[in-house]
1. Name the residues whose placed amide hydrogens come within less than 5 Å of the amide hydrogen of TRP16, ignoring near sequence neighbours (fewer than 5 apart) on the same chain.
2. Ranked highest first by average number of other Cβ atoms within 10 Å, how do 59-67, 17-25, 31-39 line up?
3. How far apart, in nm, are two points set 7 Å out from the Cα along the Cα-to-Cβ line at LEU32 and at PHE71?
4. So what are the three principal axis dimensions of the chain from its Cα atoms, in whole Å, longest to shortest?
5. In which sequence would HIS44, HIS55 go, from the one with the fewest C-beta neighbours within 10 Å to the one with the most?
6. Would you list which lysines come within 29 Å of LYS85, measuring only between C-alpha atoms, while excluding same-chain residues fewer than 8 positions from it?
7. Please state, to two decimals, what the Cα-based radius of gyration of region 1-44 comes to when divided by 2.2 N^0.38 Å (N = residues).
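Only the coordinates and a few stated rules stand behind these numbers; no lab work does. This one's a predicted model, so the numbers in the text were calculated from it and none came from an experiment. Neighbour counts are summed over all protein chains in view; Cβ atoms, including those assigned to glycine, are modelled from backbone coordinates with ideal geometry.
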Amino acid sequence: MVLYAFDLLELNGEDWRPRTLEQRKAKLAKLLSNAGEGIYLNEHLIGDGANIFKHACLMELEGIVSKRRDFPYRSGRTKSWIKVKNPKSPAILRVQDGTF
């Protein structure tokens with residue numbers, strides 16, 4: 001089993017949601033630096049979103065989530081993050097054909 005951690009919302013009872021994504025990811029990276037095998041940081045890619053999405057589709061990933069790195073965490077759909085789903089990913093196809 002492998003875990004890819006991508007955000008830090010709470011740590012030892014302290015709410016990290018008001019901090020920026022950049023701050024949360026930096027703290028998460030530090031926490032996971034000695035985690036050992038099986039727990040990894042899902043890196044924040046900076047670049048051309050269309051090109052990153054193209055490669056995610058080629059890798060048959062479910063899609064990508066684009067977030068503003070200078071914004072705090074907000075639950076639900078917001079203008080500070082956008083989820084783009086790969087219409088050909090196995091996960092999406094299972095939902096569409098009812099086998100999920």
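1. Excluding prolines and chain starts, which carry no amide H, the hits are GLU10, LEU11.
2. Details: 59-67: 14.3, 17-25: 16.3, 31-39: 10.0.
Answer by packing, highest mean first, reads 17-25, 59-67, 31-39.
3. With each label placed 7 Å out from Cα toward Cβ, I get 2.1 nm.
4. Here the Cα extents, ordered largest to smallest, are 42, 34, 27 Å.
5. Lowest count first: HIS55, HIS44.
6. Straight-line reach from LYS85, under 29 Å: LYS25, LYS27, LYS54, LYS67.
7. Details: Rg = 10.5 Å, N = 44, 2.2 N^0.38 = 9.3 Å.
In units of the 2.2 N^0.38 Å rule of thumb, it is 1.13.
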